[in-house]
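What follows draws every value from the coordinates through simple rules; no lab data is involved. In this text, all values refer to a predicted model and were calculated from it rather than measured experimentally. Neighbour counts run over all protein chains shown; Cβ positions are idealised from the backbone, glycine included.
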Amino acid sequence: MSIRLTEAPFDPGALLTAFTSGRSETGAVATFTGIARAEAGRTAILELEAYPGFTEAEIGRIADQARARFGLHDLAILHRVGRIQPGEPIVFVATAAGHRRAAFEACDFLMDYLKSRAPFWKKEHGPDGERWIEPTAQDHADRERWG
């Protein structure tokens, strides 16, 4: 299990190649890559803040739940912090399991948590100034469906 925060841009393809290397026991790997987007044609820089150590530990708690709930062989989470330009990858999640359904569902479960509950503070810097970004009602509903 790997959980990391980074300020550096990353290559999701390289992360996937490293994650799948040598996995003879695994029948399925599911991944998700989130990309910072420009909202409604506006170019804005996204800034994410986290508390080093604490944020990784909190994500680790939900990752442990995902491993147990879905019978995962392994998982990896890499999340950007700092300033992120539109079009840059912001998060990479990979799950490895014996079968596809478990891998898909675990990846979805982890992203629902990361989007709505992980201890990140998000701010958008745009042409109209700065604004804090909160999870949406849909983000919370997505997470709540897991019980």
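Descriptive notes on the structure:
- Environment charge at residue 9 (Cβ cut-off 15 Å; Lys +1, Arg +1, Asp -1, Glu -1): -1
- Using C-alpha pairs below 8 Å separated by at least 6 residues, the relative contact order for segment 38-127 is 44 percent.
- In terms of the mean number of neighbouring beta-carbon atoms within 10 Å, the peptides 98-107, 81-90 order highest first as 98-107, 81-90.
- Proximal charge balance of residue 144 [Cβ under 13 Å; K/R count +1, D/E count -1]: +1
- Mean residue ellipticity (222 nm) of the chain, computed from DSSP H runs ≥ 4 via -39,500 (n - 2.57), nearest 500: -11000 deg cm²/dmol
- Cα pair distances of segment 2-144 binned at 10 Å [whole percent]: 12, 40, 35, 12, 2, 0
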